[in-house]
Amino acid sequence: NCLTLNNNLFLHMLLYFFFSTAVSSILYSSYCQMQGQFNLNGMHKAGDVMLGGLFQIHFFSTYPDLSFTSEPQQPTCYGFDVLGFRKAQTMAFAINEINRNSNLLPNVTLGYSLYDNCNVLGIGFRASLSLASGQEEQVVLHETCVGTPPVLGIVGDSSSTRCIAISSVLGLYRVPMVSYFATCSCLSDRKKFPSFFRTIPSDAFQVRAVIQILKRFGWTWAGLLISDDDYGLHAARSFQSDLSQSGAGCLAYLEILPWGEDPAELRRIVDVMKKSTARVVIVFAHESHMIALMEEVIRQNVTGLQWIASEAWASVTVLQMPDLMPYLGGTLGIAIRRGEIPGLRDFLLQIRPDLQHNSSHVVRFWEHTFECSFSPPPAGWLEAGGALCTGQEDLEKVEIEFLDVSNLRPEYNVYKAVYSLAYALHDMLQCESGRGPFSNHSCGSLQRLEPWQLVHYLEKVSFTTSFGDQVSFDENGDVLPIYDIMNWLWLPDGGIEVQTVGEVKKLPFKGEQLTLDEDKIFWNFESKEPPQSVCSKTCPPGTRMARKKGEPVCCFDCIPCSDGKINSMECISCPEDFWSSPQHDHCVPKETEFLSYPESLGICLTIASLLGTIICAIVLGIFIYHHNTPIVRANNSELSFQLLLSLKLCFLCSLLFIGRPRLWTCQLRHAVFGISFVLCVSCILVKTMVVLAVFKASKPGGRPRLKWFGTVQQRGTVLGLTCVQATICTAWIVSASPTPHKNTQYYNDKIVYECVVGSTVGFSVLLGYIGLLAVLSFLLAFLARNLPDSFNEAKFITFSMLIFCAVWVAFFPAYISSSGKYTDAVEVFAILASSFGLLFALFGPKCYIILIRPERNTKKAIMGRGNTKGNLVK
C-alpha cells in the first residue's frame with residue numbers, strides 16, 4: 001500500500017509539472033509551449049482517429065546521473081523483448097485489418113502511436129501522458145478548443161502496477177484504457193478506475209481457478225510464492241480469502257519473491273520450500289522472478305514439487321529449458337485463452353527496416369534476429385567478427401518464436417482490445433441524431449470526439465472474433481473470464497511440449513466450471529500419479545479431527561469417536577434410528593427389539609398360549625359330552641361353559657402382546673385382556689354367590705332368596721359386570737389411545753418397539769377393576785370354603801382366586817422393573833399363569849372325577865350322605 005501511495009504521489013507531481021508550464025503560459029501568450037519533451041521509442045501511423053499503445057519492447061532501462069548539476073538525460077532502454085515487439089505489431093496488424101474492412105468504421109482511417117514502456121513505471125507513465133496530451137512542441141490556442149484528441153483510447157499496459165498508476169490519472173479525464181495483460185483484481189473498482197477495461201480475466205477469477213484445481217486433486221496443503229508488486233500482493237490477498245471461505249485447504253507458507261538479485265533471500269525461501277511438507281507450490285509472479293528462483297532451486301536440488309503457474313509465466317519459453325525440466329516438468333498453469341489471428345504471420349514477414357525507417361524498434365528487432373548491426377556499427381563490432389545488416393535478410397529462413405503464431409495468447413488479447421475500441425467507435429458513429437445517449441439525445445461526431453463518449457460505448461460493446469470468441473465487458477470493465485489449463489510435458493527424447501489439458505470458465509448463474517482431461521496430464525513423479533499434498537492425512541474411520549494448537553486447520557490429530565457417532569470434520573451423532581457401524585465410518589439402522597414370534601421366548605409363550613386354548617377346548621368338549629352328568633350340571637353348567645370360553649379368550653389375548661406393535665394391536669391387547677378377564681372373574685364371582693345362596697337357602701326360610709339368583713339374574717350380573725369393563729376400555733381408547741412407540745432410551749444401539757398405554761389412569765382403572773372383582777370373589781369363596789358338601793366348589797374357587805391374586809400381585813413389581821420386550825413377556829406370563837391357575841384349579845378336579853373317577857359323578861356322591869336337604873341349582 002505504501003508503494004502504491006508513493007507511486008501515485010510521484011505521478012501526480014509529474015503530471016502537475018508537465019502541465020504547469022502550459023497553464024501558466026496562457027496568461028502571457030496565445031499558445032502553449034512544452035517545457036521539455038520526452039524521448040520515447042515508438043511506432044506511429046497517421047489516421048483520422050488515433051489509438052495509443054503501451055508495450056514492453058525492452059526488458060531493462062538505465063537512468064542517467066540525477067545530481068542536477070546539469071540537465072538530466074533521458075533514460076535508455078536495452079534488452080530487446082521479441083515477444084513484446086510482436087504484441088505491438090499485432091496491434092498494428094489489427095488496425096490495418098480494420099482499415100481494410102469496409103463494414104467496420106467505413107470512411108474512417110485509424111492510426112496508432114505505440115510506445116515502449118521498457119518495463120519501468122516512470123517510462124510507461126511518460127508514454128501515457130504523451131499519448132493523452134500529444135507530442136507537439138507548440139500548441140496554438142483557438143477561441144474554441146475543439147477537434148479530435150491526440151488519442152481516443154489506449155491499449156495497454158501489460159503490468160498491473162503501471163495500469164493502476166496510469167489509469168488512476170487517465171481516469172480523471174475518462175480516457176479509455178484497455179489492458180491485455182493486467183490482471184490485478186483491484187482494477188475492477190469502477191470508482192477508482194472508471195475508464196479501465198481489460199481483455200484478460202481478473203486475478204479474482206484466476207485465484208478461484210487455482211482453487212478449483214486444488215480441490216480436483218485433493219491438495220489441501222500448498223505453498224504460495226508471490227511477486228512484490230500489486231499483481232502478487234493482491235493475488236495473495238484474494239487467494240487467502242477465497243481459500244479460507246471455500247475450505248479447500250491451507251497455506252503452508254507465503255513468501256514474497258524479491259526484485260533484482262538477492263541471493264540470501266532466495267536461499268532462505270528455497271530452504272523453506274525444501275523443509276515444508278507441502279508438495280504443491282503456487283507462484284503468482286513474473287518470469288524474471290522465476291528465473292532467479294529456479295537458479296537457487298537447481299543449486300539446492302529441490303525436486304519432487306508440483307508447480308502451479310499463474311498466467312504470467314505459464315507459457316513463457318525462457319523457462320522451458322531441458323535443464324529445468326527435472327524441476328518444472330509436469331507444471332500445471334493457468335494460461336490466457338489461445339486464439340488464432342489469420343494473416344498475422346504474413347504481416348510479420350513484411351517487416352523491413354527500409355520500410356520502417358522511422359521506427360528504431362524495427363532496426364533493433366532486425367539486429368537482434370540476424371545478430372548483425374546496421375552502419376555505423378558500434379566500436380569494435382567489426383573487429384570482433386560482427387556482421388553488418390543489409391536490410392535484405394530473409395525472415396523466412398530463420399526459425400524464431402516471433403513467427404510462431406500457433407500459440408497466440410497475449411497477442412490475441414491485444415487483438416481483441418483493438419477491436420473493442422474499434423467497435424465502440426463504430427457504434428458511436430452509427431448513432432442517429434436526436435436518438436443519442438448523451439444530453440438532449442445528442443450523438444458523438446468525428447469532428448468533436450470526446451474520450452468519455454467512447455467509454456459509454458465500450459461498456460456496451462459486444463462482438464464475436466473470427467476465432468469465435470464472444471467479447472463484452474461486465475459492469476466492472478472485465479471481460480467474460482476463460483482460461484486454458486496448461487501442462488508442461490517432458491518428452492522421452494528430452495524435448496518439451498506445453499499442452500492444453502483443460503479449461504476453466506465462468507458460466508452465467510453457475511459459477512466457475514473446470515474441465516480437465518486427466519489422462520493427458522504428465523506427472524513428473526516416479527508413480528506417474530498426482531502427488532499427495534496434505535498437512536495431515538484424512539482421519540481413518542472411527543476417528544475425528546482435533547486441531548493442533550497454533551497450526552492451520554489442515555493440520556490435526558485423529559481422535560477416536562465415541563459409540564453412536566461417526567467421523568467427519570467432527571464426530572457427528574447418528575440419527576435417532578441409526579447407530580454407528582463397528583468401524584465408525586457410517587451410520588447403520590439400529591437393531592429393533594420387540595417380543596417376536598420367531599425368537600425362543602416368543603415361541604415358548606405362543607406354545608403356552610395355544611396349549612392353554614387347546615386344553616380349554618378339550619375341557620369344553622368333555623363338559624359338552626358329559627353335560628347330563630351331575631358334576632357338570634352342578635352350580636349352573638352355563639356359567640361353566642361361559643368361564644371356559646372366557647379362559648380361551650384370556651389365553652388367546654396373550655398373542656396380541658407378541659409381534660411388532662401396531663396401532664390396532666396396541667389398542668386391542670389391553671381391551672381384550674381386560675374384558676376377557678372381567679368376563680372370567682365375573683363368572684367365578686357369580687358362581688361363588690350362587691354357592692353361598694344355595695346353602696343359605698337350605699336353611700329354614702331361605703328358599704325365597706333363590707329367586708334372586710336364577711339363571712337370568714346370573715346372566716345379567718355377568719353381562720353387567722363385563723359391560724362396566726367394556727365402558728372403561730372404550731373411554732380409555734377414545735380419550736388416550738395406546739399407540740406404538742419406538743423407545744431409544746433403554747439401549748443406545750437398539751430401538752425397542754413397544755405400546756405406550758396412552759393413559760396411565762385408564763390402564764390403572766382397568767387393572768383395578770379386575771383386581772376388585774378378583775378380591776371380592778376370593779373373599780366370598782373364602783367364606784364359603786367350609787360349607788358342608790362332598791364337592792364344595794367354593795374351596796376350588798378360593799384356591800383359584802388365591803393363585804390369581806398371587807400372580808397379579810407378583811406381576812406389578814416385575815412389570816415395573818422390566819424393560820423392552822421383557823415388559824410384554826412379563827405381562828403375557830402373568831396372563832398365562834393366572835389363566836392356567838384358574839383352568840386347573842376350577843376344572844381339574846371335575847375332569848378328574850369325570851374321566852378317572854366316574855363312580856363319584858353321581859348326585860348322591862355330590863350331595864353327600866344327607867348332609868344337606870337342598871338341591872344344587874342347575
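The values are calculated or read from the model by the stated rules, or taken from the named source; none is laboratory data. A quick note: this is a predicted structure, and the numbers were derived from the prediction, not measured. Methodologically, a virtual Cβ is constructed for each residue, glycine included, from the backbone with ideal geometry; neighbour enumeration extends over all protein chains shown. In case anyone asks, the SASA skips ligands and DNA or RNA and just uses the protein heavy atoms, side chains included. Shrake-Rupley method; radii C 1.70, N 1.55, O 1.52, S 1.80 Å.
A few points about this structure:
- Relative contact order computed over the range 543-589 (Cα-Cα under 8 Å; 6+ residues apart), in percent: 31
- Extending 7 Å from the Cα toward the beta-carbon at both Tyr78 and His44 defines two label points whose distance is 2.8 nm.
- Of the three principal axes defined by the Cα atoms of the range 432-500, the extents in descending order read 69, 24, 20 Å.
- Relative to the longest principal axis of the Cα atoms of the chain, the long axis of helix 263-275 lies at roughly 20 degrees.
- Placing +1 on the Cβ of every Lys and Arg and -1 on the Cβ of every Asp and Glu, with nothing else charged, gives the range 543-589 a dipole about its Cα centre of roughly 280 debye.
- Reachable lysines from Lys275, criterion Cα separation under 29 angstrom, eight or more residues apart if same chain: Lys215, Lys528, Lys537, Lys548, Lys549
- Cα-based helix-to-principal-axis angle, 637-653 vs the chain, degrees rounded to 10: 20
- Enclosed volume per residue, in Å³, of the convex hull spanned by Cα atoms of the range 543-589: 61
- Of the whole protein surface, Asp271 contributes about 50 Å² of accessible area at a 1.4 Å probe radius.
- For the chain, the residue among Pro322, Thr798, Pro481 whose Cα projects farthest onto the positive side of the dipole built from Cβ charges is Thr798.
- Two-site FRET efficiency, Phe68 against Asp262, from Cβ-Cβ distance with R₀ of 41 Å, rounded to 0.05: 0.85
- In Å², nearest 10: area of Met801 left accessible to a 1.4 Å probe: 0
- Three semi-axes describe the equivalent ellipsoid of the range 282-440; taken as square roots of 5 times the Cα gyration tensor eigenvalues and ordered largest first, they are 37, 31, 14 Å.
- The magnitude of the dipole of the range 279-368, with charges of +1 and -1 set on the Cβ of Lys/Arg and Asp/Glu and taken from the Cα centre, is near 180 debye.
- Per-residue surface analysis assigns Trp452 an accessible area of about 120 Å², computed on protein heavy atoms at 1.4 Å probe radius.
- Mean residue ellipticity (222 nm) of the chain, computed from DSSP H runs ≥ 4 via -39,500 (n - 2.57), nearest 500: -14000 deg cm²/dmol
- Rg and Dmax of the chain, both derived from C-alpha coordinates alone, stand at 51.8, 167 Å.
- Estimated FRET transfer efficiency (Asp346, Thr277; beta-carbon r; R0 45 Å; 0.05): 0.25
- Ranking Tyr815, Tyr180 from most to least accessible surface, computed with a 1.4 Å probe over the protein chains only, gives Tyr815, Tyr180.
- Basic side chains Lys and Arg get +1 at the Cβ, acidic Asp and Glu get -1 at the Cβ, and with that the dipole of the chain about its Cα centre reaches some 10300 debye.
- Inter-label distance for Asn743 and Tyr253, nm, one decimal - labels placed 7 Å from Cα along Cα-to-Cβ: 6.3
- The length gained by stretching the chain between Ser600 and Asn101 to full extension, at 0.36 nm per residue less their Cα-Cα distance, is 170.1 nm.
- Here Lys846 is the anchor, and the lysines within straight C-alpha reach of less than 24 Å, apart from those fewer than 8 places off in the same chain, are Lys648, Lys687, Lys696, Lys795, Lys859, Lys860, Lys869, Lys874.
- Share of carbon and sulfur in the accessible heavy-atom surface of the chain [1.4 Å probe, %]: 57
- With protein chains left intact and a 1.4 Å probe, residues in the range 543-589 average 64 Å² of accessible area per residue.
- The accessible-area ordering, largest first, of the residues Leu489, Leu649 stands as Leu649, Leu489, per a 1.4 angstrom probe.
- Helix 203-217 and the longest principal axis of the Cα set of the chain meet at an angle near 50°.
- Solvent-accessible ranking of Lys460, Lys742, largest area first, probe 1.4 Å: Lys460, Lys742
- Neighbours of Trp366 by Cβ distance under 12 Å: Lys/Arg scored +1, Asp/Glu scored -1, total -3.
- A dipole drawn for the chain from +1 and -1 charges on Cβ atoms has a positive end, and of Leu639, His58, Ile728 the residue lying farthest that way is Leu639.
- For the range 365-407, the solvent-accessible area works out to 64 Å² per residue, with a probe of 1.4 Å and every protein chain left in place.
- Hits among aspartates and glutamates - C-alpha to C-alpha of Lys750 under 14 Å, sequence gap 8 or more where chains match: Asp563, Glu576, Asp577, Glu591, Glu593
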